[in-house]
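A.B. asks: Would you mind keeping the following structure in view while I ask a few things?
The values are calculated or read from the model by the stated rules, or taken from the named source; none is laboratory data. From a predicted model like this one, the values you see are computed outputs, not experimental measurements. Virtual Cβ from ideal backbone geometry, glycine too; neighbours counted across all protein chains shown.
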Amino acid sequence: MSVDFQFPYSTPEEQGIPSAALLDFIEEIERERIELHSLIVMRHRHIVAEGYWAPFNKDLPHRLFSAGKAVVAIAILFAIQEQRLSLEDRVIDLLPESIPEQPSERLQRLTVYHLLTMTTGHAVDTFAAMLQPDVDRAKVFFEQELVYEPGLHFLYNNGVPDILGIILYRLTGQSVYDYLTPRLFEPLGMSGMVVQKNGPLDELPTMAFRSRDLFKLTLLFADGGVWEGKRLLDEQLARDAGSYLVPSLQRPEPPHVAYDTKFGYGYQIWRNSVGGFRLDGGRGQFGIVIPDMDLVAVINANENDQGIIPVLFWKHVTSRLYARPIPVNGEVQERQQRLREKLQSLTWQPASGYSSSSLHQYGGTYKFVSDFCGCRKVHLEIQQEGQHITLTTDRHGKEIRAELTAGAWSPCVVPFEVPEIVEEKRPVRFDLVPGQDPEQAVGAYSWLDEHTLEIHFRSVAWMGGHIFKLTFTESDIRISRENGTSYNMRHRSDITPQSLREMNIAEGPGAVAKREHA
């Protein structure tokens with residue numbers, strides 16, 4: 001346990017949680033290839049489970065996506081506590097220089113409360129229009145028509161956090177991160193946060209926290225603004241943030257809407273179907289609080305169908321809690337040991353798979369018929385009955401060499417170009433963790449059979465995985481690439497060829513490489 005995470009640890013049974021419940025959750029997650037990266041569970045103020053799926057670990061920042069909206073919200077709540085503004089302040093008074101010359105009556109009635117509760121009156125998300133280059137984002141936001149009366153129509157509007165950040169900057173001269181550092185980050189001992197800048201403002205969609213730092217923020221909300229016995233945030237403001245303030249049924253409902261988006265909304269925080277609330281971000285970033293169960297949990301993931309994660313957590317964990325400690329017998333002790341071992345060995349590396357001394361025949365240089373992922377050639381050296389390979393490519397004319405071991409993550413540079421790896425780095429990349437080099441990754445592989453090699457690459461920068469499948473014949477390789485999330489979807493128990501087509505998940509781009517003979 002690190003010095004910045006000083007919570008007591010306990011067996012799950014001491015806190016009324018069967019170890020089997022947590023094991024069942026993890027095992028279904030892995031069986032269905034739902035790509036969790038971290039899990040922290042606390043009950044009765046004791047950590048009962050903490051684990052990280054390699055190559056992720058407790059020290060690495062992870063993109064928050066929309067879970068970061070709660071960070072912006074708490075900054076505004078601190079500003080309200082300091083009487084810099086109020087919930088009822090009109091936005092046109094806070095940002096007068098960005099308001100149209102003749103604002104509509106609805107715009108004149110738009111308040112900070114409406115922004116915090118996503119009830120601005122817009123009919124469509126404003127964020128895409130605000131992302132145009134060289135524009136006044138606040139001005140663009142206010143130019144979008146308010147179709148509904150503010151306060152009476154919920155719309156999940158990704159432009160709102162930007163407006164809240166701009167308001168905070170106009171009031172304080174500080175970005176969200178700078179403003180929160182002495183008020184939140186330092187008191188909580190939060191040290192793993194990163195974000196990119198847009199001029200003097202934070203580019204909020206790039207926000208990334210360590211899982212433990214997200215847990216601390218979640219626990220502060222759970223405790224009503226108190227940290228280690230000291231009040232940091234007004235109790236009413238903190239409690240209201242996770243309360244049911246407005247209904248969250250969107251009209252019309254988005255397709256494939258997650259079940260748990262229908263149970264109400266607070267200040268940039270969702271309500272749960274099982275009670276309590278959660279910080280909720282794209283691809284599966286959750287800070288879960290269920291006060292009646294005295295339960296706090298944090299999950300980080302990379303999952304397209306993110307709504308499945310809380311549903312499985314409710315199914316396996318929250319539905320099996322006891323008010324009192326669970327008696328321990330030999331069977332329970334065995335499950336406790338299994339859980340400890342599982343949490344210490346979590347990984348998304350592929351199994352070592354097939355090995356044979358005959359695999360060395362596939363070594364050599366192969367030339368692509370046409371460019372594949374920036375490469376014209378690929379060279380394979382295969383050693384130790386297929387248990388070690390060296391893969392070298394000429395990606396964009398530069399030799400890239402990756403030394404890989406079967407069934408074990410090996411640090412490397414990704415030898416093929418993938419969408420997240422670009423020669424020209426953009427100033428802001430919303431799909432990357434700030435400060436992380438997208439070319440630096442880890443790789444592992446598995447021989448699926450005597451003719452097929454599958455190589456997995458993962459990078460903290462882009463959080464997910466990319467998989468290259470090589471199928472060998474006597475004279476060539478058929479190679480294809482697939483995004484790891486799409487690959488995971490193929491292996492779900494309820495997936496059919498028709499559902500794959502409906503989700504537009506298909507085999508990635510492929511090419512043929514002809515073997516060059518010496």
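A.B. asks: Which residue is nearest to His456 (Cα to Cα), if the candidates are limited to segment 352-389 and must be in contact with a strand residue (DSSP E or B) (Cβ under 7 Å, 6 or more places away or on another chain) and part of a loop (DSSP other than H, G, I, E, B)?
C.D. replies: The selected residue is Ser352.
A.B. asks: Now for a separate question. Within segment 462-483, restricting attention to residues that are crowded, with 20+ Cβ neighbours inside 10 Å and small (Gly, Ala, Ser), which residue is nearest to His62 (Cα to Cα)?
C.D. replies: Ranking the candidates gives Gly464 first.
A.B. asks: Could you list, in sequence order, the residues of segment 127-156 that are among the small types (Gly, Ala, Ser) and either closer than 21 Å to Leu249 by Cβ or outside the structural domain of Leu116 (by TED's automatic domain parsing) (or both)?
C.D. replies: Once the filter is applied, which keeps residues that are among the small types (Gly, Ala, Ser) and either closer than 21 Å to Leu249 by Cβ or outside the structural domain of Leu116 (by TED's automatic domain parsing) (or both), segment 127-156 yields only Gly151.
A.B. asks: Further question: Looking at segment 53-65, is at least one residue touching a residue at least 40 places away in the same chain (Cβ under 8 Å) and under 16 Å from Ile163 (Cα atoms)?
C.D. replies: For segment 53-65, residues touching a residue at least 40 places away in the same chain (Cβ under 8 Å) and under 16 Å from Ile163 (Cα atoms): absent.
A.B. asks: Can you find a residue in segment 70-82 that is at negative phi, part of a loop (DSSP other than H, G, I, E, B) and in contact with a His (Cβ under 9 Å, 6 or more places away or on another chain)?
C.D. replies: no
A.B. asks: Hey, another quick one. Give the residues of segment 116-141 that are within 14 Å of His153 (Cα to Cα) and touching a Pro at 6+ places or on another chain (Cβ under 9 Å), sorted by residue number.
C.D. replies: Thr119, Thr120, Gly121
A.B. asks: Please verify whether segment 30-38 includes one or more residues that are surrounded by fewer than 17 Cβ atoms within 10 Å (Cβ to Cβ), more than 23 Å from Ser345 (Cα to Cα) and touching a residue at least 24 places away in the same chain (Cβ under 8 Å).
C.D. replies: No, segment 30-38 has no match at all.
A.B. asks: Within segment 312-327, can you find the residues that are hydrophobic (A, V, I, L, M, F, W, C) and either assigned to a loop (DSSP other than H, G, I, E, B) or exposed (fewer than 14 other Cβ atoms within 10 Å of the Cβ) (or both)? Don't jump to the end; show me each part of the working.
C.D. replies: Residues of segment 312-327 hydrophobic (A, V, I, L, M, F, W, C): 312-314, 317, 321, 323, 326.
Within segment 312-327, Val317, Leu321, Ala323, Ile326 meet the criteria.
A.B. asks: So in segment 332-364, with the set limited to residues that are without any contact (Cβ under 8 Å) to a residue 24 or more places away in the chain and surrounded by 13 or more Cβ atoms within 10 Å (Cβ to Cβ), which one is nearest to the chain's Cα centre (by Cα)?
C.D. replies: Applying the filter and picking the extreme gives Arg340.
A.B. asks: Can you tell which of Asp178, Asp213 is at pLDDT 95 or above, of a type in the set (Asp, Glu) and under 23 Å from Val41 (Cβ atoms)?
C.D. replies: Testing whether each residue is at pLDDT 95 or above, of a type in the set (Asp, Glu) and under 23 Å from Val41 (Cβ atoms) leaves just Asp213.
A.B. asks: Name the single residue, out of those in segment 45-69 being assigned to a helix (DSSP H, G or I) and on the phi < 0 side of the Ramachandran plot, that is surrounded by the fewest Cβ atoms within 10 Å (Cβ to Cβ).
C.D. replies: Here the residue is Ser66.
A.B. asks: Would you mind stating whether Ile299 is within 25 Å of Val71 (Cβ to Cβ) and outside the structural domain of Lys216 (by TED's automatic domain parsing)?
C.D. replies: Judged against the criteria, Ile299 is a match.
A.B. asks: Could you count how many residues in segment 90-104 are part of a loop (DSSP other than H, G, I, E, B) and either more than 16 Å from Leu168 (Cβ to Cβ) or touching a strand residue (DSSP E or B) at 6+ places or on another chain (Cβ under 7 Å) (or both)?
C.D. replies: The total comes to 6.
A.B. asks: Now, a different point. Only one of these is over 20 Å from the mean Cα position of the chain (by Cα) and either under 25 Å from Thr218 (Cβ atoms) or modelled with pLDDT of 95 or more (or both): Ile40, Ile80, Ile26. Name it.
C.D. replies: Ile80
A.B. asks: Just wondering, is there one or more residues in segment 472-480 that are in contact with an Asp or Glu (Cβ under 7 Å, 6 or more places away or on another chain) and farther than 30 Å from Met193 by Cβ? Even if it seems obvious, please write down each step before you answer.
C.D. replies: Taking segment 472-480 as the starting set, the residues that turn out to be in contact with an Asp or Glu (Cβ under 7 Å, 6 or more places away or on another chain) are 480.
Then keep just the ones that are farther than 30 Å from Met193 by Cβ; that gives 480.
Taking every residue of segment 472-480 in turn, at least one turns out to be in contact with an Asp or Glu (Cβ under 7 Å, 6 or more places away or on another chain) and farther than 30 Å from Met193 by Cβ.
A.B. asks: I would also like to ask the following. Of the residues that sit in segment 442-461 and are among the hydroxyl-bearing types (Ser, Thr, Tyr) and buried (at least 21 other Cβ atoms within 10 Å of the Cβ), which one is farthest from Pro411 (Cα to Cα)?
C.D. replies: Filtering segment 442-461 for residues that are among the hydroxyl-bearing types (Ser, Thr, Tyr) and buried (at least 21 other Cβ atoms within 10 Å of the Cβ), the one farthest from Pro411 (Cα to Cα) comes out as Tyr445.
A.B. asks: Do you know which of the residues in segment 153-186 that are under 20 Å from Gly281 (Cα atoms) and among the hydroxyl-bearing types (Ser, Thr, Tyr) is surrounded by the fewest Cβ atoms within 10 Å (Cβ to Cβ)?
C.D. replies: Applying the filter and picking the extreme gives Tyr156.
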